[in-house]
Amino acid sequence: MEDLEKIFKALADNNRLRILKLLEKKAMCVCELAFVLEIAQPSVSRHLKKLKAAELIEDRQAGFWSDYVLASARTGKRGYAQALMARLRSWLNDDRRVLGDQTRARRADRNALCRSAAAGSP
């Protein structure tokens with residue numbers, strides 16, 4: 001039961017749902033997600049941590065970046081995550097905010113975003 005509760009808690013946030021809908025389309029790094037969602041990178045990282053703990057996403061090293069992707073079928077402990085993610089794929093596809101996020105994601109230039117984020121860090 002704890003696994004299912006963790007998944008529902010992870011899904012009970014607007015920004016985490018938006019992240020999942022973005023990751024349906026392509027792998028993304030923290031900089032790209034922060035740009036699209038228009039929230040700070042530490043906030044994105046906290047959301048990603050909760051999604052990862054619920055086994056809804058996983059991270060993969062891609063050169064200098066850590067890319068986040070939807071979890072593969074072999075990852076979930078009991079299949080709850082995969083069953084809910086299969087349903088989520090058909091939900092919210094006509095939502096104004098989700099559509100706006102997808103448009104903004106197409107304009108996200110990873111190299112420029114990550115370079116400017118690194119320049120702003122101490």
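Taken together, the values in this text are just the output of simple stated rules run on the coordinates, not laboratory data. None of the values given here were measured: they were computed from a predicted structure. Positions of Cβ are backbone-derived with ideal geometry, glycine not excepted, and every protein chain shown enters the neighbour counts.
Roughly what would the spin-label model give for residue 58 and residue 14, points 7 Å off Cα along C-beta, in nm?
Distance between label points: 3.2 nm.
Please grab the % of Cα pairs in the stretch 21-112 that end up more than 23 Å from each other. Intermediate results must be reported in sequence, preceding the final value.
Values: 958 of 4186 pairs.
For the stretch 21-112, the fraction of Cα-Cα distances above 23 Å is 23 percent.
At 7 Å along the Cα-to-beta-carbon direction for both residue 5 and residue 43, put a label point, then send me their distance in nm to one decimal.
About 2.8 nm, to one decimal.
Just from its helices, what would the mean residue ellipticity at 222 nm be for the chain, if runs of 4 or more DSSP H residues each count -39500 (n - 2.57) and the sum is divided by every residue, rounded to the nearest 500 deg cm²/dmol? Walk me through the numbers on the way to the answer.
Numbers: 7 runs with 75 residues, N = 122.
Mean residue ellipticity at 222 nm (helix-derived): -18500 deg cm²/dmol.
So the label point goes 7 Å from the Cα of residue 97 along Cα→C-beta, right? Which residues of the stretch 19-33 then have their backbone N under 17 Å from it?
19-24, 33
Would you work out the charge dipole size for the stretch 1-109 about its Cα centre, treating the Cβ of every Lys and Arg as +1 and the Cβ of every Asp and Glu as -1, and quote it to the nearest 20 debye?
Values: 22 positive and 15 negative charges, 25 e Å.
Result for the stretch 1-109 is approximately 120 debye, rounded to the nearest 20.
Of 102, 31, 83, whose Cα points farthest to the positive end of the dipole of the stretch 2-108 (charges on the beta-carbon: +1 Lys, Arg; -1 Asp, Glu; origin at the Cα centre)?
Farthest towards the positive end: 102.
Which GluC sites (Glu not before Pro) does the stretch 4-103 hold that lie in a coil by DSSP with at most 11 other beta carbons within 10 Å? Spell out each step's value before the answer.
Values: sites: 5, 24, 32, 38, 55, 58; in loops: 38, 55.
In loop regions of the stretch 4-103 (DSSP not H, G, I, E or B), the sparsely surrounded GluC sites (Glu not before Pro) are 38.
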